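Read through the structure below, which is laid out as structure tokens, and then see the notes.
The values are calculated or read from the model by the stated rules, or taken from the named source; none is laboratory data. Just so it is clear, the structure is predicted and the values come from calculations on it, not from any experiment. Methodologically, a virtual Cβ is constructed for each residue, glycine included, from the backbone with ideal geometry; neighbour enumeration extends over all protein chains shown.
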Amino acid sequence: MINYILIAEIKFPIVNYNSTTLILYMSTLAQNLKRLRKVKGFTQEKLARLTELTNNTIIKIEAGKNKNPTLDTLKGIAKALGVSVDELIN
């Protein structure tokens, strides 16, 4: 059975190993974007406006349907979220 921890409204799996709880941090672009957006308190619509992207683009990246956005898209999102592109994708 897998337990989960809720961080910024995102569920992360928890694994118990030798009585130590380890949070398995999912480092995908989709999950990082969603987590960082929620930490900032942005809706998908607000982030789309700030980045001058379509709401559909943000939705697809968060859903993992757009796994290879352009560098310009990543730079715009990272700037709006106040993080580096590296922090966004790793």
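Does the range 57-84 hold any residues that are closer than 16 Å to R35 by Cα, part of a helix (DSSP H, G or I) and not hydrophobic (A, V, I, L, M, F, W, C), and which are they? Full working, then the answer.
So in the range 57-84, the residues closer than 16 Å to R35 by Cα come out as 58-64, 74, 77-84.
When the remaining residues are screened for being part of a helix (DSSP H, G or I), the result is 58-62, 74, 77-81.
Of everything in the range 57-84, those that are closer than 16 Å to R35 by Cα, part of a helix (DSSP H, G or I) and not hydrophobic (A, V, I, L, M, F, W, C) turn out to be K60, E62, K79.
Can you confirm whether E87 is assigned to a helix (DSSP H, G or I) and exposed (fewer than 12 other Cβ atoms within 10 Å of the Cβ)? So E87 does not fit the description; no. Only one residue in L74, L50, L29, L22 is over 14 Å from the mean Cα position of the chain (by Cα) and either surrounded by 15 or more Cβ atoms within 10 Å (Cβ to Cβ) or at pLDDT 95 or above (or both), so which one is that? Going through L74, L50, L29, L22 in turn, just one is over 14 Å from the mean Cα position of the chain (by Cα) and either surrounded by 15 or more Cβ atoms within 10 Å (Cβ to Cβ) or at pLDDT 95 or above (or both): L50.
If a residue has to be among the polar types (S, T, N, Q) and surrounded by 15 or more Cβ atoms within 10 Å (Cβ to Cβ) to count, how many in the range 53-71 make the cut?
Here the count works out to 2.
Taking first residues from the range 77-88 that are at positive phi and partners that are surrounded by 18 or more Cβ atoms within 10 Å (Cβ to Cβ) and not polar (S, T, N, Q), the Cβ contacts under 9 Å between residues at least 6 apart in sequence or on separate chains come to G82/L36.
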